[in-house]
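A.B. asks: Here it is: the structure, laid out below.
The values are calculated or read from the model by the stated rules, or taken from the named source; none is laboratory data. Because the structure is predicted, anything quoted here is derived from the model rather than measured. Methodologically, a virtual Cβ is constructed for each residue, glycine included, from the backbone with ideal geometry; neighbour enumeration extends over all protein chains shown.
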Amino acid sequence: MRLALSSDHAGYELKRDLAAILGQKGHAVLDLGTHSTAPCDYPDAAESVAQALRNGDAERGIIVCGSGAGVSIAANKFPGIRAAVCHDTYSAHQAVEHDDMNVLCIGSRVIGSALAQDIVTSFLGATFSGEPRHQRRLDKILAIEKKFSR
């Protein structure tokens, strides 16, 4: 799978580790930075992943910051992006299966590397169910997005 991966300074080390593991598993990883622990702004990390998905450069995205919350809020401002903070494997696959989540947000100060790897595996292994009730709900989300987009 083609993946866009980004972080702010707080998530850099976990992002770096995930990029290496995902590459070893055969995924095409587009590492959008940051590339150090020097302070930077999390909205920039979210924007880089959102743009990669919107441009068709990646199928899904993963963003890491200290809590996962900031990048999730920022990423969800972009049309077509459905981002969520997931710190457990159930939420990571359920949000894809039911809500067609395309960006996983993780907090490096909340979970460790081993759990992060399990969560990413769960996220990447899931597909949107397309069940009528899930599609109906997704359509409502898309209608809200369309209604309020400029």
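A.B. asks: Identify, by number, the condition in (1) in contact with a strand residue (DSSP E or B) (Cβ under 7 Å, 6 or more places away or on another chain); (2) without any contact (Cβ under 8 Å) to a residue 12 or more places away in the chain; (3) over 22 Å from A126 (Cβ atoms) that N55 doesn't meet.
C.D. replies: N55 satisfies every listed condition except (1).
A.B. asks: Check whether at least one residue in the stretch 137-146 is part of a helix (DSSP H, G or I), farther than 14 Å from K15 by Cα, within 15 Å of the chain's Cα centre (by Cα) and charged (D, E, K, R), and report yes or no.
C.D. replies: no
A.B. asks: Ok, one more. Provide a single number: the residues in the stretch 1-23 that are part of a helix (DSSP H, G or I), in contact with a Leu (Cβ under 8 Å, 6 or more places away or on another chain) and small (G, A, S).
C.D. replies: Number of matching residues: 1.
A.B. asks: Suppose we keep only residues that are under 13 Å from the mean Cα position of the chain (by Cα) and acidic (D, E) within the stretch 32-86. Which one would you say is surrounded by the fewest Cβ atoms within 10 Å (Cβ to Cβ)?
C.D. replies: E59
A.B. asks: How many residues are among the charged types (D, E, K, R), over 13 Å from the mean Cα position of the chain (by Cα) and surrounded by 14 or more Cβ atoms within 10 Å (Cβ to Cβ) if we restrict to the stretch 6-30?
C.D. replies: Final tally of qualifying residues: 4.
A.B. asks: Additional query: Name the pairs: first residue in the stretch 105-122 and in contact (Cβ under 8 Å) with a residue 40 or more places away in the chain and assigned to a helix (DSSP H, G or I), second residue surrounded by fewer than 16 Cβ atoms within 10 Å (Cβ to Cβ) and charged (D, E, K, R), Cβ to Cβ under 7 Å, at least 6 apart or on different chains?
C.D. replies: If the second residue must be surrounded by fewer than 16 Cβ atoms within 10 Å (Cβ to Cβ) and charged (D, E, K, R), the pairs left are S113/D17.
A.B. asks: Would a scan of the stretch 126-143 turn up a residue that is modelled with pLDDT of 95 or more, under 25 Å from G23 (Cβ atoms) and surrounded by 21 or more Cβ atoms within 10 Å (Cβ to Cβ)?
C.D. replies: The answer is no, given that none of the residues of the stretch 126-143 is modelled with pLDDT of 95 or more, under 25 Å from G23 (Cβ atoms) and surrounded by 21 or more Cβ atoms within 10 Å (Cβ to Cβ).
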